[in-house]
1. Just to check your reading of the model, which residue among Pro239, Pro287, Pro258 is surrounded by 17 or more Cβ atoms within 10 Å (Cβ to Cβ), in contact with a helix residue (DSSP H, G or I) (Cβ under 7 Å, 6 or more places away or on another chain) and farther than 26 Å from Asp324 by Cβ?
2. Scan Ala274, Ala245, Ala216 and give me the residue that is surrounded by fewer than 19 Cβ atoms within 10 Å (Cβ to Cβ), in the same structural domain as Ala175 (by TED's automatic domain parsing) and either in contact (Cβ under 8 Å) with a residue 12 or more places away in the chain or at negative phi (or both).
3. Is there a residue being surrounded by fewer than 22 Cβ atoms within 10 Å (Cβ to Cβ) and at positive phi anywhere in the range 418-433?
4. Given the structure, is Glu264 crowded, with 22+ Cβ neighbours inside 10 Å and in contact with a strand residue (DSSP E or B) (Cβ under 7 Å, 6 or more places away or on another chain)?
5. Could you check Ser362 against (1) modelled with pLDDT of 95 or more; (2) more than 28 Å from Arg504 (Cβ to Cβ); (3) in contact with a helix residue (DSSP H, G or I) (Cβ under 8 Å, 6 or more places away or on another chain) and say which number it fails?
6. Find the residue count for the range 386-410, including only residues that are surrounded by fewer than 18 Cβ atoms within 10 Å (Cβ to Cβ) and over 12 Å from Tyr374 (Cβ atoms).
7. List the number of the failed condition for Leu507; all other conditions in (1) at pLDDT 95 or above; (2) more than 28 Å from Phe308 (Cβ to Cβ) hold.
8. Going through Leu488, Leu439 one at a time, which residue ends up being crowded, with 18+ Cβ neighbours inside 10 Å, outside any helix (DSSP H, G or I) and of a type in the set (A, V, I, L, M)?
Amino acid sequence: MDRRQLIITITAVALSLLLGVGITLLATSGSGGDDQAVTSGHSTTTSSPELSASSTTGSSPSTRPPIVTIPSRPPPSVVVIPPTAAPSTAPPATAPPTTAPPTAPPTVAPAAPTEPPTTQPPAPPTTPSAPASTAPATSTSEPSSHTDVGVSGRHIRVAVIADEEHAFEGARAWANAVNRNGGLASRKIRIDALSTGGTAEGYAAAVGRACDRDFAIVAGLSAFDGDTEPLDCGVPDIPIEAIAATHATRDTTYAAFPRRPRVEAIGPYRALQAATEGCCDEYALVPESEPDRAPTLATVDALTKIGFDAVATPNVPTTATDADYDAFAEDLAASGATFAWSGLGQNSTIALRRAGVAAGVSSTTTWYCDARCYDPAFLTQGSAAVVGENVGIETVPFSDRRDVPALRTYLRATARDGGRASYDGLRAYVAGSLFQEALDRVVKDHGTNGITRARLLETLAEIHDFTAGGLVGPTDVGGGDPTGCMVLLRVEDGRFVRNDPAERGNLDCSPDNLVTLDA
């Protein structure tokens, strides 16, 4: 080998080595960039979990192509080094400077990083599309559970329309007790509490709202329920009681305590009549205005029919003062009446009793108040003045809680929810129990996804012996017939004591407790 050939050989080997080193540096530089991207992605994952899925999905595919491509670059540099035969084949030795190896990596390496961005964007759309493809499967099963207005796959919405808070508390106690036991028709009960604001307009507006969003109206109680046109929407109506005759006689109304026009429940009065010697010359305070005036006059008529003699029925405004009650008490004492009561409820009764003490009303006078006086406030506010007061109710009294499990359930549910037990709260609980019994029958006949307003109404019409677990006497809800069932209590030693019937857990449901007035 002469000097010229030696120079050529050394030059060829040097160029080959430089070419290999360049290729290696180029490949290593590409790998370092992608590793930095992965690190950045992990840093993002640590600081923002919401982006972890997108960061991981985006960085992994973009970094893997260079890792796969890089190992394929070293073979050319290894292949270039071995050719020791280059001295005898000078042309191959000069070929590397003119061949593509130096330029091939630049054309291949950029392609690897740029491919993932072009293929990666379609990947995210395919990921969200998976949930989208499963959504129809869920929605196709939903319609069978959305059976009617107010019914979803998880809830049954019912409205409570009332003037006072007691009805709302009782309904909530019922709903919460039901929900704690798994709900109805595999759903939870949701209460929409709609206050009337103490007006007929408020009642009608509340009914309109219930028509649009609630499955039924349950445990309602309003003295302003005369406008029933909004009920034409067909919503099942299960009030505590319907006050107005137009409400009580609607074909979509099934009250827990049914009322019929011209049919009066007088059981407590009849019991007192039988137990009181010389009974009864009646002195009754009559409200000057509605909604209490008409029912008070109807009771006076019913008592006259069973033998009471109405010696005085003075009209009383709701704004009557203590001086007015002093005058009524003096009139009562002078009338010789042996039976006294007020149609204005608790506060009026307390005022008359206090005035009666000062006026010297005979101690033999029999005093009576309806269920509006069945309230702890009557005992505390009336104190000694109301001792001996007789009070009639349509449910078992709270003192029967040891004998009636359903009563214990109500009291516990009310206490657990932070409410206060009350007579109207208990009656609201009874109305909720009526809805529950009817819906359970619908589910038994048609399944959990077969509940509709129409089927609920059909079932309510077939309930003729409802007792709410012994809270009330057997009630013909479907026929809308008043029961006349009652318990007579007497105020003694600062509490209400069961008087008639004496046996706990029982109610007096004699047919004689009802009187039909002449048309």
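The values are calculated or read from the model by the stated rules, or taken from the named source; none is laboratory data. Note that the structure is a prediction, hence the values are computed from the model and not measured. Positions of Cβ are generated from backbone atoms using ideal geometry, with glycine treated the same way; all protein chains shown enter the neighbour counts.
1. Working: Pro287 fails: farther than 26 Å from Asp324 by Cβ; Pro258 fails: in contact with a helix residue (DSSP H, G or I) (Cβ under 7 Å, 6 or more places away or on another chain).
Result of the check over Pro239, Pro287, Pro258: Pro239.
2. Working: Ala274 fails: in the same structural domain as Ala175 (by TED's automatic domain parsing); Ala216 fails: surrounded by fewer than 19 Cβ atoms within 10 Å (Cβ to Cβ).
So the residue among Ala274, Ala245, Ala216 that is surrounded by fewer than 19 Cβ atoms within 10 Å (Cβ to Cβ), in the same structural domain as Ala175 (by TED's automatic domain parsing) and either in contact (Cβ under 8 Å) with a residue 12 or more places away in the chain or at negative phi (or both) is Ala245.
3. Kept after step one, since they are surrounded by fewer than 22 Cβ atoms within 10 Å (Cβ to Cβ), are these residues of the range 418-433: 418-423.
Checking the rest, the ones that are also at positive phi come to 418.
Within the range 418-433, one or more residues are surrounded by fewer than 22 Cβ atoms within 10 Å (Cβ to Cβ) and at positive phi.
4. Numbers: crowded, with 22+ Cβ neighbours inside 10 Å: yes; in contact with a strand residue (DSSP E or B) (Cβ under 7 Å, 6 or more places away or on another chain): yes.
When the stated conditions are applied, Glu264 passes them.
5. It is condition (1) that Ser362 fails.
6. Residues flagged as surrounded by fewer than 18 Cβ atoms within 10 Å (Cβ to Cβ) and over 12 Å from Tyr374 (Cβ atoms) within the range 386-410 amount to 6.
7. For Leu507, the exception is condition (2).
8. Criteria check complete, one pass: Leu488.
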